[in-house]
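S.K.: Here's a structure for you.
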Amino acid sequence: MKDNTNDNNENKKLEQLDAYKVNNDGTRMTTNQRVRVSNDEESLKAGLRGPTLMEDFHFREKITHFDHERIPERVVHARGYAAHGEFELYESMSEFTRAHFLQKAGTKTPVFVRFSNVVGSSGSNDTARDVRGFAVKFYTEEGNFDLVGNNIPVFFIQDAIKFPDIIHAVKPEPHNEIPQASSAHDTFWDFVASNQETAHMIMWLMSDRAIPKNFRMMEGFGVNTFRFVNAAGHSKFIKFHWKPVLGVHSLIWDEAQKIGGADPDFQRRDLWEAIEAGFYPEYELGVQMLDPADEFKYDFDILDATKLWPEELIPVKRIGKLTLNRNVDNVFAETEQVAFHPGNVVPGIDFSNDPLLQGRLFSYLDTQLLRLGGPNFTEIPINRPLCPFHNNQRNGFSRQMINVGQVSYHKNSLADNTPATSTAAEGGYVHFPEKVEGRVIQGRSKSFDDFFSQARLFWNSMSPPEKKHIVDAFSFEVGKVNVRSIRQNVVNMLANIDYTLATTLAERLAVNKPTQQQIDVTASSPALSQQNTIFVPQTLRVAIIIGNQFNAQELEQVMKEFKRYGVRYQIIAETFEPVRAANGQTFEVDATFLTTSPVLYDALYVVGGTAANQAKFNSDMTAFIRQVYQNYKPIGIATTGVPYFNATRAKASEGILFATANPNFSQQFIQNIAKQRFWERDIYI
C-alpha cells in the first residue's frame, strides 16, 4: 500500500548497488577496452561488396558478447520477477533468537524479493496453474539470510532425493517437449498416483492458491522447519509465513487462461506498475514457534514437508513488515543473477532435520555454480552482502576482488593467523548442538506415513466455491491424461481424501467408481480458506467502458471515490480519441476494446453512450460486460449504461449495482469492489 514516508536513500543495499550502475546517456561509444568507436553500423570489409575482415575487433567483440548474453535458466523457478524493499521489525525477538536484525524494534533491513513460477520456462506465461516461489534475501549486518519459500506451505515429497523425479515428471514430456508450464499431462499424474505422499500438495495445487491474482495478494511460506536459537543457546522449532496486507486472492481458471493470451506478463506487470505508482506491496512476517519438548505432541511430524502446522493449534506471531518500494534497474543483472540458498543463514537461525531441507542445503549451492559460472557468484553486485567478507578462498571464474598479500591459508603465522575466526560472542556462527544418534540407514520415520489426514483437513476447510474450483481443476488436469489406468489410479487415490470428490471425477473421467473409503477426519482450519482473508478495495483495477454523451458529473463523482480509496481505473473506448460528455467536457482514453481485455480488471463501471459506429460499440460493450459478469466480478451501471447491461440479458443480481435513483451508488460500488467476487451469481446467460 502507498507509503510516501519511505525514504529509499536509507536502503544501504541500494546505495551499494549505485557504485555498479552505468548510465550511457550523453556518452561516446567505446569498445570494452575503452577505445572510441567510429562506426557501429557497417563491419570492416575488403571493398564495399567484399568479405568481412577478421581484424574488425569491434565487430568481433560486439557479436561475441551477444552470442554469450544468455546464461542457463533455472531448472525450476525459471520465470521470475523481483523488486527491492525493506523489512522493519515490530518487536524484539531476542527472547527467541540472537539474529541481529531481529533484536531491536524498528530495525530496518534491506531486502531483495524474487517471485517465480516453478514449472514453466523463462518465456512461459505468468498465470499458469503452478506453485509460486517467494524468495527473500535479507542483507543483514551479519551477512545475507535467504528465506527461500513458496506460496504453498507444503511440498510434493518428503525426502529431497525424490526432487529430480517430481520435476522430471511435471516438466514437458521428453519425447515431444509438451506441454509447457503445465501439470496437465500423463507423466505428472502418473507420478502423483504412484507416490501418494503428494496427496496434500495436490489439493493445494488444484485449489485457487495455484492461480494467485497477483504477487501482491499472495501468501508466502518457508515450507521447511527451521530453528531459532537465542543467546543462551536455547532453541525453538519455527515455520516462516508471509501474510499480504491486501489479503490472499486468486484468479479463476477461465480468467487465468484468457489472461495468458491477453497479457502473458500480467503478474510481473502488476508488480512493476504498483511500485511505480507508489502502491508499495506489503507483507507481514509471521513465525510459528514450537518448543523442542513438544516435537511429538501432534498427530503429524513437524519435520515432514508434506504437512503444515495448523494455525489454530500453533498460532502465527507477526513480527515485522516487508515493504517492496523500488523496481530493479536491470532484470538480468539483478533478477536473473540473484542467487538464493536456504543455507544462507545468520547466527540465531539454524536448520532442522527435515529431510527435504537437508537436501536443499546441497542442491541450491550446486545449482549456482553452473548457472553463474563458478564459485565467485557471491561477488555479483546483487549477491554481495553489505558487511565486509574475508576468507582464504581465491581465484576461479570471474573473480572480481584483488586479494593482496602472500597468505591464503589457515592457520598461519605470516599474517598473525588472519583472517581470524570469531567466537559466538564476537558474532561467529555456531551450529545448534543438537544431540544426534542412530544407525546409518536409508529409510524414513513411520511418523511420515500418513498421506491423507491433512489433505482431508484442507478439503474440509474449503468453502463451496473453492471446492467447486478444485473439482473443476482435477477434471481439467486429469482429463488431459491419455492413459485410462492413470486416470483410474488418481481417482482411487483421491477417494482416501473425499469419496464424493472421487466419484464425481470418476463420472467425468469415464473411469470406475473407487472402492476405497475416505479417511476419518472431520477437523477443519479456517485459516486455509481464502474466503476468510482480508477484503479491501485498495489497488484493485476498474475498467470504465464509455462512449460519448454521458453524464460528466456522475462519472467524476465515481472517479473521485476511486481515487479516495486507492482504486485504480482505466477509461476504455472504441478509439483513443477523447470521449465527450453531454456538457461538452472531455476525458482522455487509456485503452480501446482492441488493446485490452475484461479479464485484466477486477471490476467494471458501465458508462455507455454513443459512438461513430454504434453497432460495433454495442457489440463490444455487450461482450465486455458478459465476460466480467461470468467471472463473478462487481459491475456498476451508470444512468447512461443501463441499456447496455440489459442487452446482455444478464440478471440484475448479486454484485450488480445501478446508479439510477441511488444517491449512495459510489460508496456501495466501492464496497462491492472490495468484495471482488459474487459467487452466488448465476453466470449462465
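The values are calculated or read from the model by the stated rules, or taken from the named source; none is laboratory data. Everything numeric in this text was worked out from a predicted model, so none of it was measured. When we count neighbours, we look across all protein chains shown, and the Cβ atoms used for this are built from the backbone with ideal geometry, even at glycine. Surface areas here come from the heavy atoms of the whole protein model, side chains and all, with no ligands, DNA or RNA. Shrake-Rupley method; radii C 1.70, N 1.55, O 1.52, S 1.80 Å.
S.K.: Restricting attention to segment 34-47, does a residue exist that is among the charged types (D, E, K, R), open to solvent by 50 Å² or more (accessible area, probe 1.4 Å) and either under 28 Å from Glu284 (Cβ atoms) or under 27 Å from the mean Cα position of the chain (by Cα) (or both)?
M.R.: no
S.K.: Ok, one more. So which of Phe476, Phe432, Phe535 ends up being out of contact with any His (no Cβ under 8 Å at 6 or more places or on another chain), open to solvent by 50 Å² or more (accessible area, probe 1.4 Å), part of a helix (DSSP H, G or I) and hydrophobic (A, V, I, L, M, F, W, C)?
M.R.: Of the residues listed, the single one that is out of contact with any His (no Cβ under 8 Å at 6 or more places or on another chain), open to solvent by 50 Å² or more (accessible area, probe 1.4 Å), part of a helix (DSSP H, G or I) and hydrophobic (A, V, I, L, M, F, W, C) is Phe476.
S.K.: Read through the list (1) under 17 Å from the mean Cα position of the chain (by Cα); (2) assigned to a helix (DSSP H, G or I), then give the number of the only condition that Asn325 fails.
M.R.: Unmet for Asn325, out of (1) under 17 Å from the mean Cα position of the chain (by Cα); (2) assigned to a helix (DSSP H, G or I): (2).
S.K.: Let me ask something additional. In segment 643-685, what residues are assigned to a loop (DSSP other than H, G, I, E, B), in contact with an Asp or Glu (Cβ under 8 Å, 6 or more places away or on another chain) and among the aliphatic types (A, V, I, L, M)?
M.R.: If the condition is that a residue be assigned to a loop (DSSP other than H, G, I, E, B), in contact with an Asp or Glu (Cβ under 8 Å, 6 or more places away or on another chain) and among the aliphatic types (A, V, I, L, M), then Ala659 is the only one that fits.
S.K.: Tell me, which residue of segment 48-72 that is open to solvent by 100 Å² or more (accessible area, probe 1.4 Å) and in a loop (DSSP other than H, G, I, E, B) is nearest to Phe163 (Cα to Cα)?
M.R.: Out of the qualifying residues, it is Arg70.
S.K.: Any residue in segment 128-141 that is surrounded by 19 or more Cβ atoms within 10 Å (Cβ to Cβ), within 17 Å of Pro385 (Cβ to Cβ) and of a type in the set (D, E, K, R)?
M.R.: yes
S.K.: Within segment 73-99, which residues are touching a residue at least 60 places away in the same chain (Cβ under 8 Å), buried (at least 18 other Cβ atoms within 10 Å of the Cβ) and part of a loop (DSSP other than H, G, I, E, B)?
M.R.: If the condition is that a residue be touching a residue at least 60 places away in the same chain (Cβ under 8 Å), buried (at least 18 other Cβ atoms within 10 Å of the Cβ) and part of a loop (DSSP other than H, G, I, E, B), then Arg74, Val76, Met93, Phe96, Thr97, Arg98, Ala99 are the ones that fit.
S.K.: Output the residue which, of all residues in segment 60-91 that are over 13 Å from Ala135 (Cα atoms) and among the hydroxyl-bearing types (Ser, Thr, Tyr), is modelled with the highest pLDDT.
M.R.: Residue satisfying both the conditions and the ranking: Tyr90.
S.K.: State whether one or more residues within segment 390-409 are closer than 26 Å to Glu86 by Cα, of a type outside the set (Ser, Thr, Tyr) and open to solvent by less than 70 Å² (accessible area, probe 1.4 Å).
M.R.: Within segment 390-409, not a single residue is closer than 26 Å to Glu86 by Cα, of a type outside the set (Ser, Thr, Tyr) and open to solvent by less than 70 Å² (accessible area, probe 1.4 Å).
S.K.: Can I ask one more? Please enumerate the residues belonging to segment 448-473 that are buried (at least 17 other Cβ atoms within 10 Å of the Cβ), within 24 Å of the chain's Cα centre (by Cα) and assigned to a loop (DSSP other than H, G, I, E, B).
M.R.: Passing the criteria: only Met462.
S.K.: Can you run down the residue pairs with Cβ atoms below 6 Å, 6 or more apart or on separate chains, where the first is in segment 611-631 and at pLDDT 95 or above and the partner is surrounded by fewer than 19 Cβ atoms within 10 Å (Cβ to Cβ) and not polar (S, T, N, Q)?
M.R.: Thr622/Ala647; Gln630/Ile683
S.K.: Considering each residue of segment 362-373, count those that are open to solvent by less than 60 Å² (accessible area, probe 1.4 Å) and touching a helix residue (DSSP H, G or I) at 6+ places or on another chain (Cβ under 9 Å), and give that number.
M.R.: Final tally of qualifying residues: 4.
S.K.: Check whether at least one residue in segment 543-554 is touching a helix residue (DSSP H, G or I) at 6+ places or on another chain (Cβ under 7 Å) and open to solvent by 20 Å² or more (accessible area, probe 1.4 Å), and report yes or no.
M.R.: no
S.K.: In segment 341-367, what residues are closer than 25 Å to Glu86 by Cβ and touching a His at 6+ places or on another chain (Cβ under 9 Å)?
M.R.: Answer for segment 341-367, where residues must be closer than 25 Å to Glu86 by Cβ and touching a His at 6+ places or on another chain (Cβ under 9 Å): Val346, Pro347, Gly348, Asp350, Tyr364.
S.K.: Restricted to segment 173-188, and to residues that are open to solvent by 20 Å² or more (accessible area, probe 1.4 Å) and not polar (S, T, N, Q), which residue is farthest from Thr306 (Cα to Cα)?
M.R.: Ranking the qualifying residues of segment 173-188, first place goes to His175.
S.K.: Another one. Given the structure, is Ser116 small (Gly, Ala, Ser), farther than 21 Å from Glu379 by Cα and open to solvent by 10 Å² or more (accessible area, probe 1.4 Å)?
M.R.: No; evaluated as a whole, the condition is false for this residue.
S.K.: Mind checking whether some residue in segment 368-389 is among the polar types (S, T, N, Q) and over 22 Å from Ala19 (Cβ atoms)?
M.R.: Yes, some residue in segment 368-389 is among the polar types (S, T, N, Q) and over 22 Å from Ala19 (Cβ atoms).
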